[in-house]
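Heads up: the structure comes next, in structure tokens.
Every read-out reported here was derived from the displayed coordinates using simple, explicitly stated rules and does not represent laboratory data. In this text, all values refer to a predicted model and were calculated from it rather than measured experimentally. Here the Cβ positions follow ideal geometry from the backbone for every residue, glycine too, while neighbour counts run over all protein chains shown.
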């Protein structure tokens, strides 16, 4: 009886598998040994990447014609949002930007969990500007995953802005002050509606004692 050749071990190449599977596997490995807080920080870009497997909406969200980055820097109060699961029950949420020498955006996002007196949570993603008008960014919470970040509206005074995404899953209304007049707030909500968002998902963020979460 002739001896056959030993079986050949076939390994699947890195690029022979769907990108979504690779992202999930590599991300799962990176999570081992990390604290839960890091896991929560990283979930948004992971979900964003995995969702790329699904079809994107036909109409892309228009960004503002031009953003003056130095004027856009500094703290912004989150007035309302369709929040990620990390931001649910967030109070006094503030996002701050600082321009790095290499052109990236140092970002600090802070909020109190559960109440104004709740534990302070801090996230420090990095922003990458992806176009010449400075309105299309990508936020990186953990390498190499990045989340889409579109500046869909900013007023001439750089006192109010709307950050959107083409999937219409999350949106943020932000301002330089923790409170807006009802007229200004309604105007921003109307802009969010024109972008194609479901306004029933929009939630007010309580910034100070006495404020309400009513639309």
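Summary table
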item: Least to most buried among 183, 148 (fewest other Cβ within 10 Å first); result: 183, 148
item: Net lengthening on full extension, residue 117/residue 96 (0.36 nm per residue, minus Cα-Cα); result: 5.5 nm
item: Within region 113-140: backbone nitrogen closer than 13 Å to the residue 209 label point (7 Å, Cα to C-beta); result: 116-118
item: 12 Å reach of a label modelled at residue 201, 7 Å along Cα-to-Cβ, counting backbone N of region 144-170; result: 165-170
item: Distance (nanometres) between label positions extended 7 Å along Cα→Cβ at residue 59 and residue 104; result: 3.6
item: Relative contact order of region 69-204, defined on C-alpha pairs under 8 angstrom at six or more residues apart (%); result: 23
